[in-house]
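The values are calculated or read from the model by the stated rules, or taken from the named source; none is laboratory data. The structure presented is a predicted model; accordingly, all values stated were derived computationally and were not measured. Don't worry about glycine lacking a Cβ; one is built from the backbone with ideal geometry, like all the others, and counts go over all protein chains shown.
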Amino acid sequence: MASSPPQMRRIPTEQFFDLRNWSADNAEDYGGKASMVVHTMLLSKPEQVNQITTELHDGNIIMIDFTPLTSDQETLHKILAELERAVADIDGDLVGVSQKWIVATPKSVRVSRKKLSL
């Protein structure tokens, strides 16, 4: 039984992406079902830690924007401590990648502490 040839993906003719009007809502989905998903999330309340933990248990990666909490350092530190415990429980990883973004990963996925250089 012969398998069907892979579908061709649309490749833009432009030399660059114009990110001014780009959003994830408009992005093309280039693949089928994946074994792991990378989610983005805007963290604004402690209750969201449960959702993050569930996604990590499901084997997914979460990029977390904690901008809404930067003015409330006490709450931010409590949430980050809770996230650290949750990630440690599953042997995942939790790394700040900028002043407003952290990445949480499930077991067997690590975030490099070094930036790639060419």
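Take Asp93 and tell me if it is modelled with pLDDT of 95 or more and of a type in the set (D, E, K, R). Here the answer is yes, as Asp93 does meet what is asked.
A quick yes/no check of all residues on (1) out of contact with any Leu (no Cβ under 6 Å at 6 or more places or on another chain); (2) outside any strand (DSSP E or B); (3) at negative phi; (4) modelled with pLDDT of 95 or more:
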position: His39; (1), (2), (3), (4): yes, no, yes, no
position: Pro46; (1), (2), (3), (4): yes, yes, yes, no
position: Met63; (1), (2), (3), (4): yes, no, yes, yes
position: Leu76; (1), (2), (3), (4): no, yes, yes, no
position: Ala104; (1), (2), (3), (4): no, no, yes, yes
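For residues in segment 48-61 being assigned to a loop (DSSP other than H, G, I, E, B) and surrounded by 16 or more Cβ atoms within 10 Å (Cβ to Cβ), which is nearest to the chain's Cα centre (by Cα)? It comes out as Asn60.
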